[in-house]
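Structure, as structure tokens:
The values are calculated or read from the model by the stated rules, or taken from the named source; none is laboratory data. Predicted, not measured: the structure shown is a model, and the values here were computed from it. Reconstructed Cβ throughout: ideal geometry from the backbone, glycine too, with neighbour counts over all protein chains shown.
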Amino acid sequence: MTSRVAGRLTRTIRNIFGASHRDSRARGRRLAPRPEALEGRELLTGASGVWSFASAAKLHPMKVNVLKLQPGVSLNPVFVAPYDQSPDPSILVGQTGPLIMDTAGNPIWFRPFSNNNKVQVLDFRTQTLYGKPVLIWWQGQIAGIVKSSSPAGTSVGGHFVIYDQHYRKIMDVRPPGGSSMDLHELTITPQGTAFFITTKRVRADLTPYGGARNGQFVDAVIQGINLRTGRRVFAWDMAAHIPLGDSVVPVTPGKPWDPYHVNSIDVSPDGSQILISSRNTWAINAISLQSGQVLWQLGGKRNEFRLPTDLVTGPYGSAFQYQHDARYVPGGISLYDNAGIGAPPNAGPFGPARGLILNLDIPNRAAGLARPATYHDPALYANSQGNFQVLANGGAFVGWGSESQPGEGLSSYYTAYAADGSVLADYVLAGQDISYRAYTLPWVGLPLTKPSLAVAVGGGGATVAASWNGSTETASWQVLAGPSRRSLVPVAAASRTGFETTIPAASAGPFFQVRALDAGGRVLGTSAVLRVRG
């Protein structure tokens, strides 16, 4: 195919499928080029921050800005769930939904949700269920967005879902008894127990805390259910164990008070206890799964641990404030320290957001830094959300949550670090999109759908766009064409480039088909046959 013909075909496919990528030349050669560090260039936002694909016309996930990417770095797939915190659905860049991306920011799998009814997705990641990898996420409506009279971050209505490697739904996870399932956490044990948070409104005399005599507060209940039977196997009520006076957040006039705001649950390696983080008490508690006893508390007004002076950053001798994502690690715990924002007089910020790994001497109630804290450069100030993932190789991956700067609105960063603390990759979501958490995790996606294709013909040849939503194993594409459905022969091949690969083919068809091949050249999937009328 001559360069003149190839250029004409590129313009043809752009006109047919829309100018949905950066330019027609990039589209003809390589639909999803590897992004370079922005180095001061304008960030993607609005229409420029949305993916569109000829072969997958209904998918419009947001793009990410690649701020920094060290040469040769290849991460496990990245898991985010873009949403926005505005009641106006037009603020969101792209569609909301669970999104898996590669190191360069190209989509691997995306399941779009309509943003018109403010259904959002949070806590998207992989876990293991009965020895097999699965996807989990929360979907529903978030209080404070659709219902301003509710505390921000609690759930109006939603539940968790579990999907398998083939992107088939295994089950919905809902609490017994119809209570409201909180959006923050679902933790699955090897035995098939799912731990999550439910919330309930409780009438109480709140005058000791500056509220009304007939006030309301939001209580949190940690529940565990057997996923096979749905039977509740654990229930632990915050208000029955943690005094309301432990809250650092004052009563909010006109809204139910949110004194606890539990935002993470982790199960100890031996399965005997859980670790819970309560944002609005600045505390992390270990709870016995057998007795329900509070085994210890780190942080907050009733902190039990001695801390080195240089670790204390806020009131009550606290080392962290409004924290998220407390997890067991060998020798201690990890957590994401938001270090500020909330309600006066304890709003902060008390410092930039950071990831912490703390050594804990439980018998002697002593704590200290296991290694230097992880900060973003430049510093970020996260007013909510976020997570700190400690990687097996000693590195870390940080979802910086909802970060704000004066006059700049909200943004959401995520960053990969090497074991020595150096930055491997740094990203920020398009526009004001945010993701509650961000992870990099192993994942093999084996979709049961067929690959998709789109074709433009002209000048005796064709340009074929091929994609397969969710396939992690596709390494290359083969194009087949012919004068009839029964006479298709291979006419072109190309290595996979991003979500959608554009392939020039020296055939006018009019019948076309694509095959997805793995790294060994084996056929993984075959598309339907498409007839193109020239």
Quiz item: Of 359, 346, which residue is surrounded by fewer than 18 Cβ atoms within 10 Å (Cβ to Cβ), touching a residue at least 12 places away in the same chain (Cβ under 8 Å) and polar (S, T, N, Q)?
Solution: 359
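Would it be correct to say that residue 301 is part of a loop (DSSP other than H, G, I, E, B), more than 16 Å from residue 360 (Cβ to Cβ) and touching an Asp or Glu at 6+ places or on another chain (Cβ under 6 Å)? Break it down stepwise before answering.
Values: part of a loop (DSSP other than H, G, I, E, B): yes; more than 16 Å from residue 360 (Cβ to Cβ): yes; touching an Asp or Glu at 6+ places or on another chain (Cβ under 6 Å): yes.
So residue 301 passes the test.
For segment 75-115, which positions are crowded, with 18+ Cβ neighbours inside 10 Å and outside any loop (DSSP other than H, G, I, E, B)? Step through it out loud before you land on a result.
First pass over segment 75-115, keeping only residues crowded, with 18+ Cβ neighbours inside 10 Å: 75, 77-85, 92-111, 115.
Matches in segment 75-115: 78, 79, 80, 83, 96, 99, 100, 101, 107, 108, 109, 110.
Results for (1) in contact with a Lys or Arg (Cβ under 6 Å, 6 or more places away or on another chain); (2) within 16 Å of residue 326 (Cβ to Cβ); (3) modelled with pLDDT of 95 or more, shown as yes or no for each residue.
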residue	(1), (2), (3)
226	no, no, yes
237	no, no, yes
254	no, no, no
261	yes, yes, yes
264	no, yes, yes
273	no, yes, yes
279	no, yes, yes
286	no, yes, yes
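With segment 410-504 as the region, which strands (runs of 3 or more DSSP E) entirely inside it contain at least 3 residues that are buried (at least 20 other Cβ atoms within 10 Å of the Cβ) and modelled with pLDDT under 95?
Details: elements: 413-417, 423-429, 452-458, 461-467, 476-482, 489-495.
Filter on segment 410-504 gives an empty set.
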Quiz item: Tell me, which residue of segment 161-188 that is of a type in the set (D, E, K, R) and in a loop (DSSP other than H, G, I, E, B) is surrounded by the fewest Cβ atoms within 10 Å (Cβ to Cβ)?
Solution: 168
Practice problem: Of the numbered conditions (1) crowded, with 21+ Cβ neighbours inside 10 Å; (2) in contact with a Phe, Trp or Tyr (Cβ under 9 Å, 6 or more places away or on another chain); (3) not aromatic (Phe, Trp, Tyr), residue 333 fails exactly one; give the number of that condition. | Solution: (2)
Practice problem: May I ask you to list pairs of residues, at least six apart or on different chains, whose Cβ atoms are under 8 Å apart, with the first in segment 172-191 being among the β-branched types (Val, Ile, Thr) and the second being outside any strand (DSSP E or B)? | Solution: 173/227; 188/227; 189/271
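Only one of these is over 20 Å from residue 452 (Cα atoms) and at pLDDT 95 or above: 76, 65. Name it.
On the way: 65 fails: at pLDDT 95 or above.
Checking each option against the conditions leaves just 76.
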Quiz item: So is residue 401 under 30 Å from residue 50 (Cα atoms), in contact with a Gly (Cβ under 6 Å, 6 or more places away or on another chain) and in contact (Cβ under 8 Å) with a residue 12 or more places away in the chain or not?
Solution: yes
Self-check item: Options 193, 252; residue that is under 25 Å from residue 328 (Cβ atoms) and surrounded by fewer than 21 Cβ atoms within 10 Å (Cβ to Cβ)
Solution: 193
Exercise. Using the structure shown, decide if residue 264 is in contact with a helix residue (DSSP H, G or I) (Cβ under 6 Å, 6 or more places away or on another chain), in contact (Cβ under 8 Å) with a residue 24 or more places away in the chain and either surrounded by fewer than 19 Cβ atoms within 10 Å (Cβ to Cβ) or within 27 Å of residue 334 (Cβ to Cβ) (or both).
Key: no
Quiz item: Are any of the residues in segment 226-233 in contact (Cβ under 8 Å) with a residue 12 or more places away in the chain, surrounded by 17 or more Cβ atoms within 10 Å (Cβ to Cβ) and assigned to a strand (DSSP E or B)?
Solution: no
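Determine, yes or no, whether residue 4 is modelled with pLDDT under 95, buried (at least 22 other Cβ atoms within 10 Å of the Cβ), assigned to a helix (DSSP H, G or I) and not hydrophobic (A, V, I, L, M, F, W, C).
Details: modelled with pLDDT under 95: yes; buried (at least 22 other Cβ atoms within 10 Å of the Cβ): no; assigned to a helix (DSSP H, G or I): yes; not hydrophobic (A, V, I, L, M, F, W, C): yes.
Considered against the rule, which asks whether it is modelled with pLDDT under 95, buried (at least 22 other Cβ atoms within 10 Å of the Cβ), assigned to a helix (DSSP H, G or I) and not hydrophobic (A, V, I, L, M, F, W, C), residue 4 comes out as no.
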Self-check item: Close pairs (7 angstrom Cβ cut-off, 6 or more residues apart or separate chains): under 19 Å from residue 373 (Cα atoms) and at pLDDT 95 or above in segment 304-317, of a type in the set (D, E, K, R) and outside any helix (DSSP H, G or I) anywhere
Solution: 305/365; 306/365
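Test of understanding: among 465, 382, 366, 456, which residue is among the hydrophobic types (A, V, I, L, M, F, W, C), touching a residue at least 40 places away in the same chain (Cβ under 8 Å) and touching a Lys or Arg at 6+ places or on another chain (Cβ under 6 Å)? Walk me through it before giving the result.
Values: 465 fails: touching a Lys or Arg at 6+ places or on another chain (Cβ under 6 Å); 382 fails: touching a Lys or Arg at 6+ places or on another chain (Cβ under 6 Å); 456 fails: touching a Lys or Arg at 6+ places or on another chain (Cβ under 6 Å).
When all the criteria are applied, what remains is 366.
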Quiz item: For segment 267-308, which residues satisfy the criterion of being crowded, with 20+ Cβ neighbours inside 10 Å and on the phi > 0 side of the Ramachandran plot?
Solution: 282, 299, 300
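Of the residues 383, 387, which is within 19 Å of residue 124 (Cβ to Cβ), in the same structural domain as residue 321 (by TED's automatic domain parsing) and crowded, with 19+ Cβ neighbours inside 10 Å? Steps first, answer last, please.
On the way: 383 fails: within 19 Å of residue 124 (Cβ to Cβ).
None of the others qualify; the one that does is 387.
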